[in-house]
Amino acid sequence: MKKFLASNAFRFIWSVGLAALIYIIIPPCFSKTTVAILLAIELILINGASFIAKIPMITHIARVLVGGLFIFSGFIKANDPLGFSYKLKEYFEVFQNDTGLSLFEGFAHIALPLAIIICASEIILGVMLLIGYRTKLTLWLLFAQIAFFTFLTFYSACYNKVTHCGCFGDFLKLKPWESFWKDIALLILITVLFAGKDNIRELFSPMILSTVVLLGVVFSIGFPIYAYRNLPPLDFRAYAPGMNIKDNMKAGADYQPAKYETRFKYENLKDHTVKEFDLKSYPWQDTVTWKWVSTDNAEVQAAINPPKITDFTVNNLDGVPITDSVLNNKNYSFWLIVYDLKETENDPTLMAKINDFYKLSMLDKHNFIAFTASGLADIDKFKHEHNALYDFAMVDGIVLKTMIRSNPGLMLVKDGTVIMNWHHNNFPGYSDVKQKFMK
């Protein structure tokens, strides 16, 4: 029996059975023809492992591509673990709404540690693959992780749930289908690695391998924790120091808006394939051959050179827009970002520092204003609890979380240009800021 389970015949049986199951259960949003092609590729790789293993170079190329991409992806996310945790929360909220399971609400509460674990695992698995450490364990863990992410990105793309996956943070924003195809490519490469696993050799002695892995673990865990407790060392956002918010709100010279068309998906009742039609060709009258599946507004052409910032709007507590006056202030201004006052770091020492900073800035006639998405009652409560005398203004919560990865966080702005920003763990003294940044 054990010999049969290890045979090529059994491998063929289970691989074909699994492929058939996937083909049957795949939702109609994905072309059955494309599914069949992808499954055929996987079947060839799985059952042709002995032939692939005879060409070591194929394994080495796949090894470098997969290991390098995992390290890069993990590093970019580890650079901004709080931003990645926001994306995980978005996924968990989608799953909770679609399934009704409270399990995902629990996951949302631990999104930050999960984000750090995922970042760390990507980096360390990439390192382990490149140096050839515990190959079988590494390959199975890589496969489990990429299978999980393939499901997430496919679900997101198929049901249009999450606009971008966060795979590469703010460095590179992939659309759902782009991210899915990236995961498919990785899945194929990992299958190649399984086929040629005997070609993956340890690059160093056991002691050096263990040392490299240990250093990788320390870095992959320590780096995202450092980035969370401070600010992202590499800031790719449109509100980064040196960026001009007003310029980022403008479209490029050759700007063209995105173009959308209404698309209809119909299932062929004879061969059960799903085909997409436009308004001119959809077969709404042919109910014998076709069955309607879904209607979507599909983007047929992405926007060219669109504004990097489209949603920055500031209102005073009476609801009056003050965006222009805030951005066009020629003097230095301090923006205290407190997107959710209920979740703001409640440290008396920190609040005293903020109050002192406010008083000193006002003595020099520099504007100091707090931006929040909280309601009027929460603002009033916060002011009384912390003796906060500075003014508040209303900004969308998602925008505030994008502006700075800290609650509270401080930004120094002049004429719409971000001069510097600070995490609440590194809240500065006014004299230091004046000396270093206000010249």
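Just wondering, is there one or more residues in the stretch 132-142 that are assigned by TED's automatic domain parsing to the domain that holds Glu202, touching a Cys at 6+ places or on another chain (Cβ under 7 Å), among the polar types (S, T, N, Q) and crowded, with 18+ Cβ neighbours inside 10 Å?
No, that holds for no residue.
Could you go through the stretch 252-260 and let me know if any residue there is assigned to a strand (DSSP E or B), under 30 Å from Val399 (Cβ atoms) and among the hydroxyl-bearing types (Ser, Thr, Tyr).
The answer is yes; a qualifying residue exists.
Could you list, ordered by first residue, the pairs with Cβ atoms under 8 Å in which the first is in the stretch 26-43 and surrounded by 14 or more Cβ atoms within 10 Å (Cβ to Cβ) and the second is assigned to a loop (DSSP other than H, G, I, E, B) and of a type in the set (Val, Ile, Thr), at least 6 apart or interchain?
Ser31/Thr273; Lys32/Ile26; Lys32/Thr273; Val35/Ile26
Residue-by-condition table, conditions (1) touching a His at 6+ places or on another chain (Cβ under 8 Å); (2) at pLDDT below 85; (3) in a loop (DSSP other than H, G, I, E, B):
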| position | (1), (2), (3) |
| --- | --- |
| Thr262 | no, yes, no |
| Ser281 | no, yes, yes |
| Thr310 | no, no, yes |
| Asn329 | no, no, yes |
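One line per residue, one yes/no per condition, for (1) more than 19 Å from Glu343 (Cβ to Cβ); (2) at pLDDT below 95; (3) β-branched (Val, Ile, Thr):
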{"position": "Asp364", "(1), (2), (3)": "yes, yes, no"}
{"position": "Ile369", "(1), (2), (3)": "yes, no, yes"}
{"position": "Thr372", "(1), (2), (3)": "no, no, yes"}
{"position": "His384", "(1), (2), (3)": "no, yes, no"}
{"position": "Phe392", "(1), (2), (3)": "no, no, no"}
{"position": "Leu412", "(1), (2), (3)": "yes, no, no"}
{"position": "Gln435", "(1), (2), (3)": "yes, yes, no"}
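For residues that are part of a loop (DSSP other than H, G, I, E, B), over 30 Å from Ser31 (Cβ atoms) and without any contact (Cβ under 8 Å) to a residue 40 or more places away in the chain, tally how many sit in the stretch 169-212.
The number of residues fulfilling the criteria is 1.
Would you be able to tell me the number of residues in the stretch 385-416 that are out of contact with any Asp or Glu (no Cβ under 9 Å at 6 or more places or on another chain), assigned to a loop (DSSP other than H, G, I, E, B) and among the charged types (D, E, K, R)?
Residues meeting the conditions: 1.
Return yes or no: is Val293 assigned to a loop (DSSP other than H, G, I, E, B), farther than 28 Å from Tyr255 by Cα, modelled with pLDDT under 95 and of a type in the set (A, V, I, L, M)?
no
Regarding the stretch 98-110, can at least one residue be identified that is surrounded by fewer than 21 Cβ atoms within 10 Å (Cβ to Cβ), among the β-branched types (Val, Ile, Thr) and on the phi < 0 side of the Ramachandran plot?
Within the stretch 98-110, one or more residues are surrounded by fewer than 21 Cβ atoms within 10 Å (Cβ to Cβ), among the β-branched types (Val, Ile, Thr) and on the phi < 0 side of the Ramachandran plot.
Between Lys365, Lys342, which is in a loop (DSSP other than H, G, I, E, B) and on the phi > 0 side of the Ramachandran plot?
Exactly one of Lys365, Lys342 is in a loop (DSSP other than H, G, I, E, B) and on the phi > 0 side of the Ramachandran plot, namely Lys365.
Across the stretch 252-286, which residue is nearest to the chain's Cα centre (by Cα) among those that are among the charged types (D, E, K, R) and more than 30 Å from Ile304 (Cα to Cα)?
Checking each candidate, the answer is Glu267.
The values are calculated or read from the model by the stated rules, or taken from the named source; none is laboratory data. Not measured: the values here are computed from a predicted model. In this analysis, Cβ positions are derived from the backbone assuming ideal geometry, glycine residues included, and neighbour counts consider all displayed protein chains.
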